[in-house]
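A short reminder: the numbers here are calculations on the coordinates, not readings from a lab. If you're wondering where the values come from, they're calculated on a predicted model, not measured in any experiment. Using ideal geometry, Cβ is built from the backbone for each residue, glycine included, and neighbour counts are taken over all protein chains shown.
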Amino acid sequence: MSLDPYQPQTFKSKFNDIQLVTTEFDEPHYGYEIWKCKVYINGEVFHHEYLNYENKFFGLPENLENFVLESSNGKFIFIPYGLLLLNTESLELKKYDKSIENDNNKFISNLFLNDFLIVLNQRVICIVDMDKNRFIEKIYPYQKLVFEKMWIVKNKIFFLYKDKELDKSDTLIFNTEAYAFENTHK
């Protein structure tokens, strides 16, 4: 979704009275652009230690065109400030610590597949098994490769990347049943 920097946007849950609302577009320092935002549950601002609305750097990635708010069953909400998952039944907010946030690592997209949340950035893949509370993070140097997109075929997730050293494209494949990558970057 291309967001108009002058118009607040609302991402609404299909199953719960939960909204993620952008309030303004900001550039807290040169080249780092974010959407200031707030999470609302039942019409009230949701407060939590991980949601520091007053922090100058608290916000969502600038590119939310391929952002998916919730799992297909509505049990989980993804908040792309780092990697936060809100359980809509218990209202527990779980934070998964990502190693790299910003430098040459912009958000590309996320998706939910059964009990998995998959987040793709330019050089990092994050996979959360929400049912078993497991987390995998694959990091690649920016000088070597840049991810472009991902897609699903049955229980496999394909990650298209451009190998900058070889100047060619290839894919990594993650098998959700085995909870492992089937191949590696060559």
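Please name whichever of LEU60, HIS29, PRO141 sits farthest to the positive end of the charge dipole of the chain, dipole taken about the Cα centre and charges placed at Cβ: Lys and Arg +1, Asp and Glu -1.
PRO141
Taking 0.36 nm per residue of separation and subtracting the Cα-Cα distance, what length does fully extending VAL153 through ASN52 add?
32.6 nm
Where Lys and Arg each count +1 and Asp and Glu each count -1, what net charge lies around LYS94 among other residues with Cβ under 14 Å from its Cβ?
Net of charged neighbours comes to -2.
Along each of its three principal axes, how wide is the spread of alpha-carbon positions in the chain, in whole angstrom units, largest first?
49, 39, 26
Could you tally the net charge around TYR53, taking each other residue with its Cβ under 15 Å from the Cβ of TYR53, Lys/Arg +1 and Asp/Glu -1?
Here the count lands on -2.
How long is the gain from GLU89 to SER72 if the chain were fully straight, where each residue apart is worth 0.36 nm and the alpha carbon distance is subtracted?
4.7 nm
Where nothing but the Cβ of Lys and Arg (+1) and of Asp and Glu (-1) is charged, how large is the charge dipole of the stretch 14-147 around its Cα centre, in debye to the nearest 20?
Using only the charged Cβ atoms, the result is roughly 440 debye.
Hey, got a sec? Which trypsin sites (Lys or Arg not before Pro) in the stretch 1-95 land in a DSSP loop and have at most 13 other Cβ atoms within 10 Å?
Filter output for the stretch 1-95: LYS14, LYS56.
Sticking with the crude label model, points 7 Å out along Cα→Cβ, report the distance from LYS12 to THR171 in nm, one decimal please.
Inter-label distance under the simple model: 3.5 nm.
If you take the beta carbon distance between GLU24 and ASP97 as r and set R0 to 22 Å, what does 1/(1 + (r/R0)^6) give as a FRET efficiency, to the nearest 0.05?
0.20
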